[in-house]
Amino acid sequence: MNVMTAPDPAKVHPLDIILVEDDDADAKAVRRALEKSCIANPVRRLKDGVDALAFLRGEAPTKPPPQYIILLDLNMPRMNGIEFLEALRNDPKLHRAIVFVLTTSSDQRDIGNAYDHNVAGYILKDDAGFDFIKLVGTLDHFWHVVELPEIPAGGGR
């Protein structure tokens, strides 16, 4: 008989969410869904890949947390999501970061490109809006079940 047990609180680490999203409405929807799901994990929003890399590499005034997941939009100014993933995966200190893509693109080339850059998941924003409650529940379950690597503070080359 399999018995489900609650995660050992000693093994559950605080996990920050790094939201890389240029659209204010989409960013608000993510935060609202987190609140509705009673998820109090800290959320740090960055508006594009350039700002996100600077933050993760420790080049911003606020230092990155030791454990986090990244929710990444693909269509952004300055540096799009695929360009961000290329830079992230080529960085010897940041290459293990866990990334979920949140995008409107159902283009098979984008999906393939994202998975070629080792994303943990590719989630479509549908025309009617996000089904964030399900997404947030999935993420909450994910980070309570899996062991995540610590990413060295300040990343960089």
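For region 19-37, check the following and say yes or no: at least one residue is β-branched (Val, Ile, Thr) and under 19 Å from Asn113 (Cβ atoms).
Yes, some residue in region 19-37 is β-branched (Val, Ile, Thr) and under 19 Å from Asn113 (Cβ atoms).
Rundown of residues vs (1) among the aliphatic types (A, V, I, L, M); (2) out of contact with any strand residue (DSSP E or B) (no Cβ under 8 Å at 6 or more places or on another chain), yes/no style:
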residue	(1), (2)
Asp22	no, yes
Lys28	no, yes
Glu35	no, yes
Arg44	no, no
Tyr68	no, no
Met76	yes, no
Met79	yes, yes
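Quick test for you: out of Ala60, Ala25, Ala33, pick the one residue that is surrounded by fewer than 16 Cβ atoms within 10 Å (Cβ to Cβ) and either assigned to a helix (DSSP H, G or I) or in contact (Cβ under 8 Å) with a residue 40 or more places away in the chain (or both).
None of the others qualify; the one that does is Ala25.
Report yes if Ala54 is at pLDDT 90 or above, more than 23 Å from Ile111 (Cβ to Cβ), among the hydrophobic types (A, V, I, L, M, F, W, C) and part of a helix (DSSP H, G or I), otherwise no.
Yes, satisfied.
Can you tell which of Asp26, Asp22 is in contact with a Lys or Arg (Cβ under 9 Å, 6 or more places away or on another chain), more than 21 Å from Pro149 (Cα to Cα) and modelled with pLDDT of 95 or more?
Unique residue meeting the criteria: Asp22.
The rows are residues; the columns are (1) of a type outside the set (Lys, Arg); (2) at pLDDT 70 or above; (3) under 20 Å from Ala29 (Cα atoms).
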position	(1), (2), (3)
Val119	yes, yes, no
Ile123	yes, yes, yes
Asp127	yes, no, yes
Phe132	yes, no, yes
Val136	yes, no, yes
His141	yes, yes, yes
His144	yes, yes, no
Glu150	yes, yes, no
Ala153	yes, no, no
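Under the condition of being among the aliphatic types (A, V, I, L, M) and either more than 27 Å from Glu150 (Cβ to Cβ) or in contact with a strand residue (DSSP E or B) (Cβ under 7 Å, 6 or more places away or on another chain) (or both), which residue from region 89-118 is surrounded by the most Cβ atoms within 10 Å (Cβ to Cβ)?
Val101
Go through (1) farther than 26 Å from Glu147 by Cβ; (2) modelled with pLDDT under 90 one by one and return the number of the condition Arg78 breaks.
(2)
The values are calculated or read from the model by the stated rules, or taken from the named source; none is laboratory data. It should be emphasised that the depicted structure is a prediction, and the values quoted were computed from it without experimental measurement. Counting neighbours? That spans all protein chains shown, and the Cβs are built from the backbone with ideal geometry, glycine included.
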